[in-house]
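Just below is one structure, and these are the notes that go with it.
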Amino acid sequence: MDQVIETATGGTEIVRHPRAAAALRRLIGDIGQRSGEFPAFLANHVPMVLEAMGRLGASPARLAEYAAFYNAAHNVPFPPPPIAPLTEADWHIAIGHRDRETDLRDFFADQVARLGGAEAIRRYLPTLFPGVAASATHGLMRLAYAVLRRDETEIGISLGYWAATWLSFPVRSGGDAPTIDPLVPVLAMRPEPSFRGIVLSSTLLWKFIEHMGTLPAFQAQLGRLQPTPGLLDQLRQISLQLYAATMSFEALHAVTGCHWLRLVAPYVDEPEHLAACWWEVVMSLYAKIGMPDLPDPALLDQWRTLVPPSDAAIAAAAVASDDEHDHSLVFSALEEYRVTGDPLYRVVAARRVGLLG
């Protein structure tokens, strides 16, 4: 029997292909053995977006076709050779070292086998919170999809990937006053001239994030946002508004990142702490898109009255695309719509795949 995904959009349903789950197990099991990144230091999306495509209705043939396309296009390598086994006492020394990806994956595979995936996340992830910018937050993405799939193998791989590509900002020392409003440190960035016109030799997103962490004016904003209850709901609203206003690549990752945080939150004791660390990454990327104004409430209400095509049509357009960010955004947006009921998610999803002007 087909698996039906309810969308709460007036009876629209996305029907998952009856053989997609089996195809995904095989494909993700095979592809998951490859590295979390491909040259030069770009995130390997395919283990995650295959799951998104499957849940959006892709057939086994389309899943296999896309996996072959992605690997041919990017020549995703296998992880580097192991250097030395890691233990409970010394695994920290390998954090942030891409050449230790295999050692870290092996360490976390052992911990997942010993403790179970949920307990391994609860025990080890808080150490990794400050490095959530890892591979431009795609360590978080991979972990989120691993828990969505309840895939113990992928949980170990994702923890190793996050640890190997760890990227953190400096620890706060002074700076502006703490706040519980996520917009306060964002808006405080706008008058700062050092955040405008930044040009780097690298186009990598995580290199821009890394550079922002070296700027004293940005360091003054770090650690300001306090991890209070309800923080994720606040971040979700701001991220959606920012993406709706800009439809930018950077803001896309804010929308999808809120979905990933929601998936991971039940597995950690202090999800608001992780969310606060993640928000600083979004703040750094706010500079990259020119620090625009957020849309006013009247414009947001106007956008919410737009009538996009059905969820099934939006999903089908995403599945037909070869752009991994189409799959990622549409799946996350439709999932977040199911939780929040905010029709703006459906609007931005339709716009992303060219179905709404």
Can you tell me which residue in segment 148-170 is nearest to Phe218 (Cα to Cα), limited to those that are surrounded by fewer than 22 Cβ atoms within 10 Å (Cβ to Cβ) and aliphatic (A, V, I, L, M)?
Leu167
Consider Leu24 carefully, then state whether it is touching a Gly at 6+ places or on another chain (Cβ under 7 Å), modelled with pLDDT under 95 and either more than 27 Å from Glu335 (Cα to Cα) or not in a loop (DSSP other than H, G, I, E, B) (or both).
yes
Consider Ile209 carefully, then state whether it is closer than 27 Å to Glu37 by Cβ, of a type in the set (A, V, I, L, M, F, W, C) and in a helix (DSSP H, G or I).
yes
Tally the residues that are of a type outside the set (A, V, I, L, M), more than 18 Å from the chain's Cα centre (by Cα), surrounded by 17 or more Cβ atoms within 10 Å (Cβ to Cβ) and under 30 Å from Glu152 (Cα atoms), restricting the search to segment 261-317.
0
Report yes if Leu187 is aliphatic (A, V, I, L, M), assigned to a helix (DSSP H, G or I) and surrounded by fewer than 23 Cβ atoms within 10 Å (Cβ to Cβ), otherwise no.
yes
Applying the selection to segment 143-167, what residues are touching a residue at least 40 places away in the same chain (Cβ under 8 Å) and either basic (Lys, Arg) or farther than 25 Å from Gly54 by Cβ (or both)?
Arg149, Ala163, Ala164, Thr165, Trp166, Leu167
Here is a check on your reading of the model: is Tyr345 open to solvent by 20 Å² or more (accessible area, probe 1.4 Å), touching a Phe, Trp or Tyr at 6+ places or on another chain (Cβ under 7 Å) and not acidic (Asp, Glu)?
no
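Taking Leu56, is it touching a Leu at 6+ places or on another chain (Cβ under 9 Å), farther than 17 Å from Thr165 by Cβ, open to solvent by less than 20 Å² (accessible area, probe 1.4 Å) and modelled with pLDDT of 95 or more? Spell out how you get there, then give the answer.
Details: touching a Leu at 6+ places or on another chain (Cβ under 9 Å): yes; farther than 17 Å from Thr165 by Cβ: yes; open to solvent by less than 20 Å² (accessible area, probe 1.4 Å): yes; modelled with pLDDT of 95 or more: yes.
In short, yes.
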Considering only residues that are closer than 14 Å to Arg62 by Cα and out of contact with any strand residue (DSSP E or B) (no Cβ under 6 Å at 6 or more places or on another chain), which ones fall in segment 307-334?
Ala316, Ala317, Ala318, Val319, Ala320, Ser321, Asp322, Asp323, Glu324, His327
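Sort through Gln234, Gln219, Gln241, Gln226 and tell me the only one that's open to solvent by less than 50 Å² (accessible area, probe 1.4 Å), among the polar types (S, T, N, Q) and touching a Pro at 6+ places or on another chain (Cβ under 8 Å).
Result of the check over Gln234, Gln219, Gln241, Gln226: Gln241.
Only one residue in Leu140, Leu128 is within 25 Å of Phe41 (Cα to Cα), touching a residue at least 40 places away in the same chain (Cβ under 8 Å) and in a helix (DSSP H, G or I). Which one? Before you say what the answer is, go through the steps one by one.
On the way: Leu128 fails: touching a residue at least 40 places away in the same chain (Cβ under 8 Å).
None of the others qualify; the one that does is Leu140.
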Which helices (runs of 4 or more DSSP H) sit wholly inside segment 249-357 and have at least 3 residues that are free of Cβ contacts under 8 Å to residues at least 12 places away in the same chain?
297-304
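A quick yes/no check of all residues on (1) out of contact with any strand residue (DSSP E or B) (no Cβ under 6 Å at 6 or more places or on another chain); (2) touching a residue at least 60 places away in the same chain (Cβ under 8 Å); (3) basic (Lys, Arg); (4) closer than 26 Å to Arg26 by Cβ:
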{"site": "Gly54", "(1), (2), (3), (4)": "yes, no, no, yes"}
{"site": "Ala72", "(1), (2), (3), (4)": "yes, no, no, yes"}
{"site": "Pro80", "(1), (2), (3), (4)": "yes, no, no, yes"}
{"site": "Ala84", "(1), (2), (3), (4)": "yes, no, no, no"}
{"site": "Glu88", "(1), (2), (3), (4)": "yes, no, no, no"}
{"site": "Arg100", "(1), (2), (3), (4)": "yes, yes, yes, no"}
Qualifying residue in segment 174-183 (condition: out of contact with any Lys or Arg (no Cβ under 9 Å at 6 or more places or on another chain), open to solvent by 40 Å² or more (accessible area, probe 1.4 Å) and part of a helix (DSSP H, G or I)):
yes
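Just give me the residues in segment 56-70 being at negative phi and touching a residue at least 24 places away in the same chain (Cβ under 8 Å), in sequence order. Don't jump to the end; show me each part of the working.
Of segment 56-70, the ones at negative phi are 56, 58-70.
Leu56, Ala58, Ser59, Pro60, Arg62, Leu63, Ala64, Tyr66, Ala67, Phe69, Tyr70 - these are the residues of segment 56-70 that are at negative phi and touching a residue at least 24 places away in the same chain (Cβ under 8 Å).
Based on what the data block shows, is Gly139 closer than 27 Å to Pro39 by Cβ, surrounded by fewer than 24 Cβ atoms within 10 Å (Cβ to Cβ) and not aromatic (Phe, Trp, Tyr)?
Details: closer than 27 Å to Pro39 by Cβ: yes; surrounded by fewer than 24 Cβ atoms within 10 Å (Cβ to Cβ): no; not aromatic (Phe, Trp, Tyr): yes.
Answer is no for this residue.
Here is a yes/no grid of residues against (1) open to solvent by less than 60 Å² (accessible area, probe 1.4 Å); (2) over 24 Å from Lys207 (Cβ atoms); (3) out of contact with any Lys or Arg (no Cβ under 8 Å at 6 or more places or on another chain):
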| residue | (1), (2), (3) |
| --- | --- |
| Phe41 | no, no, no |
| Val46 | yes, no, yes |
| Val76 | yes, no, no |
| Arg100 | yes, no, yes |
| Ala113 | no, yes, yes |
| Ala134 | yes, no, yes |
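The values are calculated or read from the model by the stated rules, or taken from the named source; none is laboratory data. In this text, all values refer to a predicted model and were calculated from it rather than measured experimentally. Cβ atoms come from the backbone with ideal geometry, glycine included; neighbour counts cover every protein chain shown. Accessible surface is based on the protein model in full, side chains and every heavy atom, while ligands, DNA and RNA are left aside. Shrake-Rupley method; radii C 1.70, N 1.55, O 1.52, S 1.80 Å.
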